[in-house]
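**Q** The structure's right below; bear with me while I get my questions together.
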Amino acid sequence: MLLKEYVEFTVSEFSEADLHYGHGTGTALDDAVYLIYVTLGLEFDQDFRESNRTLSESEISLLNQRVEQRVSERRPVAYIVGEAWFCGQPYTIDERALIPRSPIAELIQQRFAPLLQSTPGRILDLCCGSGCIGIACALEFEAAKVDLVDLSSKCLELAKINMRRHGTFDRVRAVRSDLFSNLSGQRYDLVVSNPPYVSEQEVDSLPEEFRHEPRMGLVSGEEGLAIPLKIL
């Protein structure tokens, strides 16, 4: 089977299954291309429509397994392939943390203009999850020191993997803390956060894909405001 034929097959399977797309992709085609390209190690600038590549039996077997996971388990593609993109960079991701998808990426790429009047020397990423927001800040502000803070030790383990992946261990550290509780005496020029903000009632009505994500990263009290209000 040709690559372009397998993409078409996968799009058809995803469309028929009526999947939800909200974890870095917006359509069945986006989801299919992401799953297939990451699995095969292809560059995203390669247009499958112009490719005459023939897939091997082993490649088809692996892809079939992953397509089946996406359809039968409603598992997001980023968890299946173990990778998600944020601010133009790949991050290792699994069920320990939410899949990166924050609009804060646009602010980082704009260097927080016009909100910031000067270049930040110290940055805090609160409720850091996989660490993608804080690490992206470290990559954008190359002289800044960044603290990645989360209550979940599992999230911090994942964040350290991404720190190593992006070579930021010299400027970025992971700190286990319940918000500001273990940050006494610390001062920051910039605080970024994508905290849990879903209500207890709302979370159970979300599409099944969201149930693969850690509830701790989504739910924030009865009205979804408990943690944001604590931060403020």
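Each reported figure results from applying straightforward, stated rules to the coordinates on display, with no laboratory input. Owing to the predicted nature of the structure, the values given are computational and were not obtained by experimental measurement. Cβ coordinates were reconstructed from backbone atoms using ideal geometry, including for glycine residues, and neighbour counts include every protein chain displayed.
**Q** What's the magnitude of the charge dipole for the chain around its Cα centre, counting Lys and Arg as +1 and Asp and Glu as -1 at the beta-carbon? Answer in Debye, nearest 20.
**A** It works out to roughly 1160 debye.
**Q** Given only helices, namely DSSP H runs of n ≥ 4 each adding -39500 (n - 2.57), what is the per-residue ellipticity at 222 nm of the chain, to the nearest 500 deg cm²/dmol? Before the final figure, lay out each step's value.
**A** Details: 9 runs with 88 residues, N = 232.
Estimated from H runs of four or more residues: -11000 deg cm²/dmol.
**Q** Is there a quick way to get the dipole size of the range 3-81? I mean about its Cα centre, with the Cβ of Lys and Arg at +1 and of Asp and Glu at -1; what is the value in debye to the nearest 20? Show your work: numbers first, answer last.
**A** Numbers: 7 positive and 15 negative charges, 42 e Å.
Dipole magnitude for the range 3-81 comes out near 200 debye.
**Q** Label the range 77-197 by shape, choosing from rounded, prolate and oblate, from the square roots a ≥ b ≥ c of the eigenvalues of the Cα gyration tensor; if a/c is under 1.5 it is rounded, and otherwise prolate applies when a/b is larger than b/c, oblate when it is not. Spell out each step's value before the answer.
**A** Values: a/c = 1.59, a/b = 1.21, b/c = 1.32.
Oblate.
**Q** Length gain on complete extension for the stretch Glu83 to Asn64, per 0.36 nm per residue less the alpha carbon to alpha carbon distance?
**A** Working: separation 19, 0.36 × 19 = 6.84 nm, distance 1.83 nm.
Result: 5.0 nm gained on full extension.
**Q** Specify whether the C-alpha gyration tensor of the range 58-115 places it in the rounded, prolate or oblate class, a ≥ b ≥ c being the square roots of the eigenvalues: rounded for a/c under 1.5, otherwise prolate if a/b is larger than b/c and oblate if not. Working shown, then result.
**A** On the way: a/c = 3.66, a/b = 2.69, b/c = 1.36.
Prolate shape, in that a/c is at least 1.5 and a/b is the bigger ratio.
**Q** Among the aspartates and glutamates, which have Cα under 18 Å from the Cα of Lys154 when same-chain residues fewer than 8 positions away are ignored?
**A** Leaving aside aspartates and glutamates fewer than 8 places away in the same chain, those within reach of Lys154 are Glu83, Asp94, Glu95, Asp125, Asp178, Glu213.
**Q** When 1/r is averaged over all different Cα pairs and the result inverted, which Kirkwood radius in Å belongs to the chain? Mind dumping the intermediate values first?
**A** Details: mean 1/r = 0.0526 Å⁻¹.
Every distinct Cα pair counted, the radius reaches 19.0 Å.
**Q** Grab the Cα-Cα distance for Asp204 and Val175, subtract it from 0.36 nm times how many residues apart they are, and report the gain in nm with one decimal.
**A** On the way: separation 29, 0.36 × 29 = 10.44 nm, distance 3.04 nm.
Roughly 7.4 nm would be gained on extension.
**Q** Dipole magnitude of the range 96-194 about its Cα centre, charges +1 at Lys/Arg Cβ and -1 at Asp/Glu Cβ only, in debye to the nearest 20? Write out the running numbers ahead of the final one.
**A** Numbers: 13 positive and 10 negative charges, 53 e Å.
For the range 96-194, the charge dipole is close to 260 debye.
**Q** Across all directions of projection, what mean area in square nanometres is found for the Cα convex hull of the range 3-81? Can you show the working numbers first?
**A** Details: hull surface 18.8 nm².
It is 4.7 nm².
**Q** Based on the Kirkwood radius over alpha-carbon pairs, what is the Stokes-Einstein translational diffusion coefficient of the range 146-232 at 10 °C with 1.306 mPa s viscosity, in µm²/s?
**A** Translational diffusion coefficient: 110 µm²/s.
**Q** Could you tell me which residue out of Val11, Thr27, Pro76 lies farthest along the dipole of the range 3-81 toward its positive end? Charges go on the beta carbon: Lys and Arg +1, Asp and Glu -1, centred on the Cα centre.
**A** Projecting each Cα onto the dipole axis, the largest value belongs to Pro76.
**Q** Which of the lysines could be linked to Lys160 by a straight reach, that is with a Cα gap under 25 Å, when you skip same-chain ones fewer than 8 residues away?
**A** The reachable lysines, counting only those whose Cα sits under 25 Å from Lys160, are Lys145.
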